[in-house]
1. DSSP loop GluC sites (Glu not before Pro) in the stretch 267-330 with at most 12 other Cβ atoms within 10 Å of their Cβ, which ones?
2. Report the extension gain between Arg35 and Gln133 in nm, rounded to one decimal, defined as 0.36 nm multiplied by the number of residues separating them, less their alpha carbon distance.
3. Counting only other residues whose beta carbon sits under 11 Å from that of Thr185, what net charge do I get with K and R as +1, D and E as -1?
4. Once every DSSP H run of n ≥ 4 in the chain is given -39500 (n - 2.57) and the sum is divided by its residues, what mean residue ellipticity at 222 nm do you get, rounded to the nearest 500 deg cm²/dmol?
5. Where both residues lie in the chain, what percent of DSSP beta bridges are antiparallel, nearest 5?
6. Taking only C-alpha pairs under 8 Å that are 6+ residues apart, what is the relative contact order of the chain in percent?
7. Below 8 Å, C-alpha to C-alpha, sequence gap of six or more: please give me the relative contact order for the stretch 54-176 in percent.
8. Only loop residues by DSSP count here, and only those with at most 10 other Cβ atoms within 10 Å; note down the trypsin sites (Lys or Arg not before Pro) in the stretch 36-76 that meet that.
Amino acid sequence: MRSAPLFALALSLLALPAAAQPELFFGNGQAPVFREEDLDKRFAKTRLYKALREGTQDPNCAQVVGAMLTLLGETGAVFHKRDENFMLEPVLVQALSTQLVNGRFPGNAFFVAMVRRVLIDQKLPPEWLVTAQALAPYYPAIDMGKLRFMADGVKPLDSFVLTLPVMREKYKEDVERATSVAGPTAEALFRDNYLDHELAFTGLEVVDVKLEKPKKKRLKKGEEPEKPYMVARLVWVEPEPASTTQYEFQFGKPKKRTKVDITAKLAETQYVDLNKLLRGTKVLMRGRFWEYKKGLTTIEMRDALVFPERDWTQIATLVDPVALDACPLAINDLTGLAPVQPGAFGTRR
């Protein structure tokens, strides 16, 4: 048991070395334990904490509280057991550092305190969910599905580092490039190392969602027949390489991009309305990596959850700077220090 400091990260996941061992992705197998510290006690006395519990009638503060809950939902869906770090989209890290930090309000420090509160309690406080529900009609960026998921209890992944692109690179390195000597065991070793782990894949596109009936089989005495279950069929397509020049001309046939077909047996409890999930919707899927075909061309997941993904680059602002300045709860009653410190998360250089 240990009390671990919490640091926010926006990782460049593809920067991990291809030769990395499973321990780099999954850690030592023991989830960090978060205990109450001075920061957490101070946070409970702040105006923002009170607004999270009781709501706010101030339209400026509604933007601030809505933005903080939005960010919390985005990171809470991918908490993991590997270490104390947590994931937030780089675009949102930038928004947090620039739109929720000013001379009197260290929004980044408050956000870390919010994440710590959830991890200490092992769930989203129910009062925060009520506040989010009240704000959602006026602040549509809040993902209520992800917040409801957190309210039912923190369910950390084994790792958010092992993304689908990273796994494909790992497979190429460990299996496809294996020599004749290592070849016979390379595939089996890869399966032993990476199957049956809770993972999350982003950038997937919905192909179909349907109810499937289990195959008929002779039941043993006392055995219950399997119930029908929902299955999602999705596809991941390799992103186009970023252009390095302003004007780029390509001759001949365009390079064929790799795709991975994914079949996911969905968990009974979902946090989005599957009836409203349209073909072509981009989603984040988290679940148990259950099976794959050679070459990772197809993947099977079990107990999966799906959450629609937003293109955050298309959302200009989470908080209007005028609203942040005018909000009476956006003050530094948490740290007692200047919001921007050397080496701190969100430091401006």
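The numbers here are math on the coordinates, done by the rules we state, and not lab data. This one's a predicted model, so the numbers in the text were calculated from it and none came from an experiment. Cβ placement follows ideal geometry from the backbone for every residue including glycine, while neighbour counts extend to all protein chains displayed.
1. Answer in residue order: Glu268.
2. 32.5 nm
3. Around Thr185, the surrounding residues sum to -2.
4. -9000 deg cm²/dmol
5. If we restrict to bridges inside the chain, about 75 percent are antiparallel.
6. The value is 23 percent.
7. Over the stretch 54-176, the number comes to 39 percent.
8. Here the trypsin sites (Lys or Arg not before Pro) that fit, given the DSSP loop and packing criteria, are Lys45.
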